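As structure tokens, the structure follows; a few thoughts come after it.
The values are calculated or read from the model by the stated rules, or taken from the named source; none is laboratory data. Please read all numbers here as calculations on a predicted model, not as lab measurements. Here the Cβ positions follow ideal geometry from the backbone for every residue, glycine too, while neighbour counts run over all protein chains shown. These accessible areas exclude ligands, DNA and RNA; they are computed on the full protein's heavy atoms, side chains included. Shrake-Rupley method; radii C 1.70, N 1.55, O 1.52, S 1.80 Å.
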Amino acid sequence: MLPAEILEKVRRIEIRTNRVVNESLAGEYHSVFKGRGMEFSEVREYQFGDDIRTIDWNVTSRMGHPYVKKHVEERELTVILLVDFSASGQFGTRRQFKREIEAEICAILAFSAIKNSDRVGLIAFTDRIEKFLRPRKGKDHVLRVIREVLYFQPQGRATDLGMALRYMYKTITKRSVVFVISDFMSADYAQPLRVAARKHDLIAVTVTDPREEDIPPIGLVELEDAESGQSMLVDSSDRRTRDMFRRWAQERRAGREALFRAVGVDALELHTDRPYDVPLVRFFHRRARRMAR
């Protein structure tokens, strides 16, 4: 039995994220994420105007007059949420912690999926695979996914995104829509990302906090790496120190964005100090326009 406060928080997230799904993303999901192709539906008699390439010659020869194959779009998808559970996800200096935003984004994507009768799976990782929920349909399954993202206590603290990507594409063999939700503070994941992008429709969702990119001038500050536990004392009143930190963050961002473009990964960036609904809806609209061309 889950504690009442956990159930209440899951319920609040369900209400809030369902509003985004129903008001802003209704109809978008279907057009943005296509099925795997066309599947056979039935055979019917040839009608004037039918494409002769659809004629089923076996049935035609048996029946003595033309029959054609009818196909429909194969809509059912598998959506995989590949979520970073490393210790840096517990960081946040403004509206929300990064982990809370991750949970709400997972909820929006999962509720959008089940409205279209798609399956949803979860792979939670740190420097190891922490949890794997096989793709399933249904609201109860989605609520379990949200609970896990909110309250699961991982064993690891560090991040190994390359390992997680390799696990995902070796475990999920059928082409799927994969959302990688992380702050992408990991090394050596370029090659696994490239392989994963070839096998699946990959979307990178980066969650960042403003204090990971800029330090205010408030004097001596102890900075601690949440994943390694290492700390260092810096003088944030020194402009050169702040400029160095800012350049390091900008180079990290530029490298990440360049990698996403190079391997053909769609990217969305969310921030703990801003509402996520506007950039999320903008991302869906942009992708829908591109798919329509």
Taking every alpha carbon pair in the range 93-241 and sorting the distances into 5 angstrom bins from 0 up to the bin holding the longest one, the percent per bin comes out as 2, 8, 16, 19, 19, 14, 9, 6, 4, 3, 1, 0
Interchain or sequence-distant (5+) residues whose placed amide H lies within less than 5 Å of the amide H of PHE91 are LYS98, ARG99
Applied in sequence order to the range 212-218, the curve 6.51 cos²θ - 1.76 cosθ + 1.60 (Karplus, θ = phi - 60°) yields integer Hz couplings, x standing for Gly and Pro, of 8, 10, 7, 10, x, x, 10
Bounding extents of the range 214-283 in its principal axis frame from Cα atoms, largest first in Å, are 40, 27, 25
Note, THR54: beta-carbon cut-off 13 Å, +1 each Lys/Arg, -1 each Asp/Glu, net -1
Violations at 30 Å Cα threshold for listed pairs LYS131/LYS199; LYS70/LYS139; LYS137/LYS199; LYS70/LYS131; LYS98/LYS131 -> LYS70/LYS139; LYS70/LYS131
With x for Gly and Pro, the residue-by-residue ³J(HN,Hα) of the range 142-152, computed from phi through the Karplus equation 6.51 cos²θ - 1.76 cosθ + 1.60 at θ = phi - 60° and given in whole Hz, is 4, 5, 5, 4, 5, 4, 5, 5, 6, 10, 5
In order over the range 53-65: 3J(HN,Hα) from phi, Karplus 6.51/-1.76/1.60, θ = phi - 60°, whole Hz, x for each Gly or Pro, gives 5, 8, 5, 8, 5, 5, 5, 4, 5, 6, 8, x, 8
Expressed in angstrom, Rg and Dmax over the Cα atoms of the range 173-248 are 17.4, 53
Of HIS285, HIS271, ordered by accessible area with the largest first and a 1.4 Å probe, the sequence is HIS285, HIS271
For TRP248, the accessible surface traced by a 1.4 Å probe with all protein chains present amounts, in square angstrom to the nearest 10, to 130 Å²
So LYS174 and LYS131, fully extended at 0.36 nm per residue minus their Cα-Cα distance, gain in nm 13.5 nm
Mean shadow area (nm²) of the C-alpha convex hull around the range 252-293 is 3.6 nm²
In whole angstrom, largest first, the equivalent ellipsoid semi-axes that the Cα gyration tensor gives for the range 111-177 are 22, 16, 7
